[in-house]
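Report on one structure; see the data block that follows.
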Amino acid sequence: MEIYVHIPFCAKKCEYCSFISFPSSDIQKNEYIGALLREAEIRKSFSDEPVKTAYIGGGTPSLLSPEQLRRLVNGLRELFPMDECTEFSIEANPGTITVPFIEALSDLGINRISYGMQAYQSHLLKTLGRIHDFSAVKESVQIARKYSVSNLNLDLIFGIPGQTISDWEETLDAALSLCPQHISAYGLIPEEGTPLWKRLQQGELTLPEPETEREMYDLAIRKLKKHGLEQYEISNFALPGHECCHNIGYWTQEQYIGLGLSASSMRITAKNERGLFCIRRTNPEAMDQYLKMVYNGQDFFTEEHVSPEDTRFETLMLSLRMNRGIRPERFMELHGISIDSCYEETLKKMVKDGLMQYSGGAWSLTRKGMDLQNSVLVEFMED
């Protein structure tokens, strides 16, 4: 089982961000941590499986004080069996990191940090609405390593308005100079309603051409591999043994508990000859509704019963994100039915079109298939 905790607080919302986040006071943070621990107490009967990974995301979790972080993590450890939790991650924004905060991470057993670097150039960071510069990234990495939190990820974004291939290569080089164990490189997707999306609609900004974005992606794959960071998922690269176990858990359909605003949980309710049955529950986005749900038991969450057919498609969709793909025996183990009997004709078509391959005992996307992943999934949806 996995645990995800959402911290919705930010010093300033980024121009491209569509996640639930907003400024807050210490009083609000303390109230929210109390609600998180109350929700955790309610959810502790969700599963008797040990917690394998935990992840505190946001928002900006590094805006919590060391005392607030200690209260949260110690509270979770009291409620859940976490002795087998080998990967405990937290997201942090450069420019918000302090020595006491990193000391608290180290003391609490949080052993992986994901820093939102995004870009090297200050003008591109300004376009994104970020509050840091590269010197803050460098300083944050140095502080973490000084206090033995050495498993580091850097988030990077390509396809930013005004970004050139030269800019992107400079960003990659700057990130690599810090010797991270993991890099996530995401193509920018302007979400409708965000300030960045509005500026694009008004013609104030222009995205790079699709061909330029593809070249940026290819450059990342080549350069990161040259430095020992192997691509293991469409957007993720790691030194051997440093892949993000928490995210792999999502992609392989491990059960998970999501705590906090807009967080989701997934539980397997049955596994039999008819297939795999799951329930997905999502918390409300509004703070007042979340507090009423936690303290008064009001049903502000949404609940979806996922059918065996939909669960099979999700297995395929999530597995194809990873370079290793999906092994037929794993599909059979999960669903009690062969992948060929579900998708034989589409698999043949994808191979013929050069979008998928069967290699090393697994079905996976080709390089061309990675570029056209959405189109591939549409074909399987229609099967």
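Any read-out appearing in this document is the output of simple, stated calculations on the displayed coordinates, not a laboratory observation. This structure is a prediction, so every number in the text was calculated from the model and none was measured. Positions of Cβ are generated from backbone atoms using ideal geometry, with glycine treated the same way; all protein chains shown enter the neighbour counts.
Restricting attention to the range 283-323 and to residues that are of a type in the set (Val, Ile, Thr) and not in a strand (DSSP E or B), the residue that is farthest from the chain's Cα centre (by Cα) turns out to be 294.
Restricting to the range 20-35, and then to whatever is under 25 Å from residue 267 (Cβ atoms) and among the small types (Gly, Ala, Ser), can you tell me which residue is surrounded by the fewest Cβ atoms within 10 Å (Cβ to Cβ)?
So in the range 20-35, the residues under 25 Å from residue 267 (Cβ atoms) come out as 20, 32-35.
Imposing the further condition that a residue be among the small types (Gly, Ala, Ser) reduces the set to 34-35.
Details: 34: 16, 35: 19.
Filtering the range 20-35 for residues that are under 25 Å from residue 267 (Cβ atoms) and among the small types (Gly, Ala, Ser), the one surrounded by the fewest Cβ atoms within 10 Å (Cβ to Cβ) comes out as 34.
Taking the range 339-365 as the range and being out of contact with any Phe, Trp or Tyr (no Cβ under 7 Å at 6 or more places or on another chain), among the polar types (S, T, N, Q) and farther than 18 Å from residue 324 by Cα as the test, only 341 passes. When the strands (runs of 3 or more DSSP E) confined to the range 36-128 are screened for residues that are touching a Pro at 6+ places or on another chain (Cβ under 8 Å) and surrounded by 19 or more Cβ atoms within 10 Å (Cβ to Cβ), those reaching at least 2 such residues are found at 87-92, 112-118. Tally up the residues in the range 325-348 that are of a type outside the set (Asp, Glu), exposed (fewer than 15 other Cβ atoms within 10 Å of the Cβ) and either within 26 Å of the chain's Cα centre (by Cα) or assigned to a helix (DSSP H, G or I) (or both), please. Residues in the range 325-348 being of a type outside the set (Asp, Glu), exposed (fewer than 15 other Cβ atoms within 10 Å of the Cβ) and either within 26 Å of the chain's Cα centre (by Cα) or assigned to a helix (DSSP H, G or I) (or both): 4 in total. Candidates are the residues of the range 50-76 that are among the charged types (D, E, K, R) and touching an Asp or Glu at 6+ places or on another chain (Cβ under 9 Å); the one that is farthest from residue 31 (Cα to Cα) is 52.
Going by the conditions given, is residue 11 of a type in the set (Gly, Ala, Ser), crowded, with 21+ Cβ neighbours inside 10 Å and either closer than 26 Å to residue 116 by Cα or in contact with a Leu (Cβ under 6 Å, 6 or more places away or on another chain) (or both)? Answer is no for this residue. Checking each residue in the range 349-367 for being assigned to a strand (DSSP E or B) and of a type in the set (Ser, Thr, Tyr) picks out 358, 359, 364.
Remark: pairs (first residue in the range 138-158, among the polar types (S, T, N, Q); second residue assigned to a helix (DSSP H, G or I) and surrounded by fewer than 20 Cβ atoms within 10 Å (Cβ to Cβ); Cβ separation under 9 Å; 6+ apart in sequence or on different chains) = 148/106.
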